[in-house]
1. Which whole-number percent is the relative contact order of the range 87-188 (Cα, under 8 Å, 6+ apart)?
2. So which residue, out of Ile84, Ile63, Ile36, gets the largest mean-square fluctuation from a GNM of the chain using Cα contacts under 10 Å as springs?
3. Can you sort Ile138, Ile185, Ile77 so the residue with the fewest Cβ neighbours within 10 Å comes first?
4. Express in whole angstrom the spacing between the alpha-carbon centres of the range 1-32 and the range 130-188.
5. Using a Gaussian network for the chain with springs between C-alpha atoms less than 10 Å apart, which of these wobbles most: Ser37, Ser129, Ser79?
6. What is the order of Arg173, Arg93, fewest Cβ neighbours within 10 Å to most?
7. Averaging sequence separations of C-alpha pairs under 8 Å and six or more residues apart, then dividing by the length of the range 1-144, give the relative contact order as a whole percent.
8. For Thr142 and Ile63, FRET efficiency with R0 = 25 Å and r from the beta-carbon atoms, rounded to 0.05?
Amino acid sequence: MSLKEDRWIRQMAQKHGMIEPFEEKQVSTSSSDKLISYGLSSYGYDLRVSNEFKVFTNIYGSIVDPKNFDPRAFVDIVSDVCIIPPNSFALARSVEYFRIPRNVLTICLGKSTYARCGIIVNVTPFEPSWEGHVTLEISNTTPLPAKIYANEGLAQVLFFEAANACETSYAERSGKYMMQTGITIPRV
């Protein structure tokens, strides 16, 4: 398996719709705006977080149970910024829709700008033949409220190409998170 460079990512995005919308170069701070960068980088792609968030709340006294998840554990927010309470957590989704080739696996890591503020982004790998908007898990590990900016970079996706296609893809296994288009809560 080898890490794929920007040329390969650009080609796959343009010819096969691997990332939509696709930003061909890294978009960063302009002279008038501070911006957390997104778009194509040297060996990956910096995805953006949309303006849709689900922030954990304890107003209903819910228990977080992955086998019987209560959607009332979240407050839905649509905004250009999301404030995550101290030591709390939110779900969001990527702006970009991904279509992962059968011979590719991705790893997604939070951007250093957020990590240096105690904000951790956790995303499970995008498996071969998976497609959809990425559900992003954002943890505020600090004792202070944390601000997340919609439509700006949040995480970097690294693409690994295998020498051969996998025997059974995520799509063939009828993966439960296939073709998700919004923020997807836990499913069993």
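1. Relative CO of the range 87-188 lands at 37 percent.
2. Highest fluctuation among the options: Ile63.
3. By the 10 Å Cβ count, ascending: Ile185, Ile77, Ile138.
4. First find each Cα centre; the distance between them is then 17 Å.
5. Ser79
6. Arg173, Arg93
7. Numbers: 261 pairs, mean separation 31.4, N = 144.
Relative CO of the range 1-144 lands at 22 percent.
8. 0.55
Just so you know, all these numbers are worked out from the coordinates, no wet-lab data involved. Nothing here was measured: the structure is a model prediction, and the numbers come from that model. Cβ: placed from backbone, ideal geometry, glycine included. Neighbour counts: every protein chain shown.
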